[in-house]
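Here the structure is laid out as structure tokens; the discussion comes afterwards.
The values are calculated or read from the model by the stated rules, or taken from the named source; none is laboratory data. Everything numeric here is computed off the predicted structure, so don't read it as measured data. For neighbour counting, all protein chains shown are included, and Cβ atoms are generated from backbone atoms with ideal geometry for every residue, glycine included. These accessible areas exclude ligands, DNA and RNA; they are computed on the full protein's heavy atoms, side chains included. Shrake-Rupley method; radii C 1.70, N 1.55, O 1.52, S 1.80 Å.
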Amino acid sequence: MSEQTEYDVIVIGAGPVGENVADRAVQGGLSAVIVEHQLVGGECSYWACTPSKALLRPGSVRRAALSVPGAREAVTGGVDAQAVFARRNELVADWHDDGQVGWLDGAGIDLHRGHGRLTGVRTVEVLAGDDPAGTVTLTARHAVAICTGTTATVPDIPGLAEIGVWTSREATSAQYVPDRLAVIGGGVVAAEMATVFAGLGSAVTLLLRGGLLDRLEPFAGDLVAASLESAGVTIRRGVGVARAERVAPPAGDGSPHGTVRLTLDNGETLDVDEVLAATGRSASSRGMGLQSVGLSDGSWLTVDDTMRVLDTDGSVLGDGWLYAVGDINHRVLLTHQGKYQARAAGDVIAARAKGGVVHDDPWGSHVATADHAAVPQVVFTDPEIGSVGLTAAEAQRAGLPVRVIDYQIGDVAGAALHAKGYTGQARMVVDTDREVIVGVTLVGPDVGELIHAATVAVVGEVPISRLWHAVPSYPTISEIWLRLLETYGRPT
Ligand SMILES: Cc1cc2nc3c(=O)[nH]c(=O)nc-3n(C[C@H](O)[C@H](O)[C@H](O)COP(=O)(O)OP(=O)(O)OC[C@H]3O[C@@H](n4cnc5c(N)ncnc54)[C@H](O)[C@@H]3O)c2cc1C
């Protein structure tokens, strides 16, 4: 740990976003320190993106092989759970952050381990453990950036906390396959973890109050639900959990913690070995001294487009010294979008510190304009979902004159070659006034790698007439673009 206590920039939270804010500030000629109370690399590296995708990939590869006669015959068994866990453990470096600490070092960023807390303007106290003697006070010459992310929200259901409910952390770091798993929730984490554990052999029951993946186009959730059900997952719709209790002691490998009985709000009971609460995220800002600068403890931090924190009256807080970047500002809870914000924030902090020009007009280099209209996301279920921009319903709510073009991806020659019986759907949402695409959703095997083309079209506001000249290669699934454009019709 460095003896230095004054820096140009202090970043609290060394997740992917904090690392990038600090890196860009250093590249801009500033000094930077990061404060981290757990692992450098954050939720994404150890309990979210990396382990979840590591757990999903083997099942996806197996399904891909099964969908191609000739390869199918080589598949003689299911995925090997212990090998899956071992590869996941390796990809998360066994929950050690030496590699990422080395990266910070190489990037010229200092690290203070401990809990960061604001104590006033440009001042951060770092509490390392319980010993007050270990507390260090850091001051920032220019900016403090809060990049503390989120924690899983556990619903206030009687008994749930006592049974040792799983959150996304326990699910993504699991070292065994429960025989029976209940998943509460219908969002991305619920859908992906149901896919993982069904593929590993658990009897999964998905408990949904509303729809599955209902922030996306409706057909996406429908296709994933049908596939989960065909993989043996039981989907219970319109039910919640009223109570949870452990009713049986540990009983062997599939149930090391004993049976949990869930009482549903319709009075039925469900016995399982583990329960995963995938019911949303809360701001990681509790106990961070936000009150010392007039903000509320535990709240999400609202920001302007350059990521400066706004005061309760909507104006920039103070002289604009406090930034909130990534999940904590609740704009978009995705790593790539947080890192995009971080590049803008680190650059603008450096520009402001040096009295340079700030490019804060829409799509300028110091703002995160894409957060509003062009957020890409891949959901790694079976089938995969890739989406960017607005759904048809969102575009209509925004008052845009839209035309919705749908096409079955399986009807594209490249898809039929890719997998026997390829099933998937594409939707393109076009603003008919401007004749540009404002949203695309692709659902089908391996579409995750296709969505970036759509992102370029949406961000670039490429006119449909020009897209006709972007010719997809034959025979690839990308020919879906040609089919969507033909269905729309060539503008004259
Ligand atoms: C199961 C799951 C799967 C996901 N999969 C994907 C995916 O495939 N793709 C994708 O784009 N997104 C995914 N996400 C979302 C992604 O994980 C987040 O968007 C991303 O981690 C946000 O990065 P961040 O740096 O803002 O916060 P975090 O990654 O949460 O990092 C915040 C850091 O701040 C630290 N911290 C918090 N408070 C303090 C404090 N007071 N003092 C010091 N340190 C502090 C924390 O310990 C942590 O290291 C997934 C999320 C989950 C839960």
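Some values worked out for this structure:
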{"item": "Residues being of a type in the set (Asp, Glu) and open to solvent by less than 30 Å² (accessible area, probe 1.4 Å) - total across the range 34-93", "result": "1"}
{"item": "Residue within the range 155-168 that is open to solvent by 30 Å² or more (accessible area, probe 1.4 Å) and either outside any loop (DSSP other than H, G, I, E, B) or under 25 Å from residue 80 (Cα atoms) (or both) present", "result": "no"}
{"item": "Among (1) farther than 19 Å from residue 142 by Cα; (2) within 16 Å of the ligand (Cβ to nearest atom); (3) open to solvent by less than 30 Å² (accessible area, probe 1.4 Å); (4) more than 21 Å from the chain's Cα centre (by Cα), the one test that residue 309 misses", "result": "(1)"}
{"item": "Residues of the range 63-85 that turn out to be within 23 Å of residue 381 (Cβ to Cβ) and without any contact (Cβ under 8 Å) to a residue 40 or more places away in the chain, as a count", "result": "8"}
{"item": "Qualifying residue in the range 64-74 (condition: within 16 Å of the ligand (Cβ to nearest atom) and not charged (D, E, K, R))", "result": "no"}
{"item": "Residue within the range 336-359 that is farther than 23 Å from residue 172 by Cβ, touching a residue at least 60 places away in the same chain (Cβ under 8 Å), in a loop (DSSP other than H, G, I, E, B) and within 15 Å of the ligand (Cβ to nearest atom) present", "result": "no"}
{"item": "Selection count, the range 390-403, where residues are under 18 Å from residue 214 (Cα atoms) and either assigned to a strand (DSSP E or B) or among the charged types (D, E, K, R) (or both)", "result": "2"}
{"item": "Single match in 425, 377 (criterion: away from the ligand (no atom under 16 Å from the Cβ) and either open to solvent by less than 60 Å² (accessible area, probe 1.4 Å) or within 19 Å of the chain's Cα centre (by Cα) (or both))", "result": "425"}
{"item": "For residue 300: the one exception among (1) farther than 13 Å from residue 151 by Cα; (2) open to solvent by 40 Å² or more (accessible area, probe 1.4 Å); (3) of a type in the set (A, V, I, L, M, F, W, C)", "result": "(1)"}
{"item": "Residue check for residue 359: under 23 Å from the mean Cα position of the chain (by Cα) and either of a type in the set (Phe, Trp, Tyr) or outside the structural domain of residue 216 (by TED's automatic domain parsing) (or both)", "result": "no"}
